[in-house]
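In what follows, a single structure is set out as structure tokens and then discussed.
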Amino acid sequence: MLLFLVAGYESTSTALTWFIHHISKHPRVQAKIKAELGDNKNSRLSIEQLDSLVYLDSVIDEVLRFVPPTNGAARTLTSDDQLPESGVQLYRGDQVFIPFYNLTRDKRYWKIDPELFYPERFDGEDKSHDAYALIPFGGGHRQCIGQDLARLELKAIAARLMQRVTFGDGGSEVNAGGHKQQFTIVPKHIGVTIKYD
Ligand code: HEM
């Protein structure tokens, strides 16, 4: 139960912080999320209404791709093995680190420049990207047990915020972004303006 709290708190709040940072830098994306919400300005959103917000799904995927909150996962080899291309020999007991961040920024796996924050990629040229190029919740048997809850939380909070406020860029210095490694990768400088719609 303690791990649920530790693993579930900063990871999700970090993703939400990055969401606010990115949309403050990309008014076009913010306007599109608001357009998808339509006239639904105040009322609570049902699960069906949340499910219908497909552009918001792409934005959340892009937030998780641009800076995966957890920078990677480790695995311990249960038997000797070799890396497929380089032939590097690995031994039982070795620890291998899988760097999510490097995968999401590797040009070999993305048709649209991975350095661009561009949610539309998931409905376009990068729709059928390599499944392992984007694994913010890890993979296999030990992948994140809370990922559905995290996605629901992120989507519900993002949608409710977008019903009410518009985030603006607080300026190149205070809202510079940058990375800081805590338990997760958090933005170093985030400063936005908030306008009530
Ligand atoms: C955006 C939010 C989150 C991210 C990015 C995230 C990411 C991850 C990652 C990368 C792992 C390791 C997966 C692997 O080794 O393959 C993990 C494990 C885990 N996560 Fe999350 N997580 C998030 C939210 C949550 C939430 C909300 C909970 C619980 C309420 C949670 C509970 C756990 C637990 C218990 C594990 C360990 C699972 C195991 O070892 O079998 N996480 N998470």
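The values are calculated or read from the model by the stated rules, or taken from the named source; none is laboratory data. All values derive from a computational prediction rather than experimental measurement. Cβ: placed from backbone, ideal geometry, glycine included. Neighbour counts: every protein chain shown.
If you filter the stretch 104-130 down to residues that are part of a loop (DSSP other than H, G, I, E, B) and acidic (Asp, Glu), you find that the one that is farthest from Arg65 (Cα to Cα) is Glu125. Yes or no: the stretch 152-167 includes at least one residue that is over 20 Å from His26 (Cβ atoms) and of a type in the set (Ser, Thr, Tyr). No, because not a single residue in the stretch 152-167 is over 20 Å from His26 (Cβ atoms) and of a type in the set (Ser, Thr, Tyr). Report yes if some residue within the stretch 129-140 is within 16 Å of the ligand (Cβ to nearest atom) and in contact with a strand residue (DSSP E or B) (Cβ under 6 Å, 6 or more places away or on another chain); otherwise report no. Yes, the stretch 129-140 has at least one match. In the stretch 169-191, the qualifying residues are those that are among the aliphatic types (A, V, I, L, M) and surrounded by fewer than 16 Cβ atoms within 10 Å (Cβ to Cβ), and the one that is nearest to the ligand (Cβ to nearest atom) is Ala176. Of all the criteria given as (1) within 16 Å of the ligand (Cβ to nearest atom); (2) over 16 Å from the mean Cα position of the chain (by Cα), the one not satisfied by Thr166 is (1). Within this structure, Ile112 passes the test of being in contact with a Lys or Arg (Cβ under 7 Å, 6 or more places away or on another chain) and modelled with pLDDT of 95 or more. Every residue in the stretch 85-103 that is assigned to a helix (DSSP H, G or I) and of a type in the set (Phe, Trp, Tyr), please. Answer for the stretch 85-103, where residues must be assigned to a helix (DSSP H, G or I) and of a type in the set (Phe, Trp, Tyr): Phe100, Tyr101.
Of all residue pairs spaced 6 or more apart or on separate chains, those with beta-carbon atoms under 6 Å, a first member in the stretch 1-21 that is over 15 Å from Lys155 (Cα atoms) and a second member that is more than 9 Å from the ligand (Cβ to nearest atom) and aliphatic (A, V, I, L, M) are His21/Ile190. Scanning the stretch 135-179 for residues that are assigned to a helix (DSSP H, G or I) and polar (S, T, N, Q), which turns out nearest to Ser46 (Cα to Cα)? Within the stretch 135-179, the match that is nearest to Ser46 (Cα to Cα) is Gln163.
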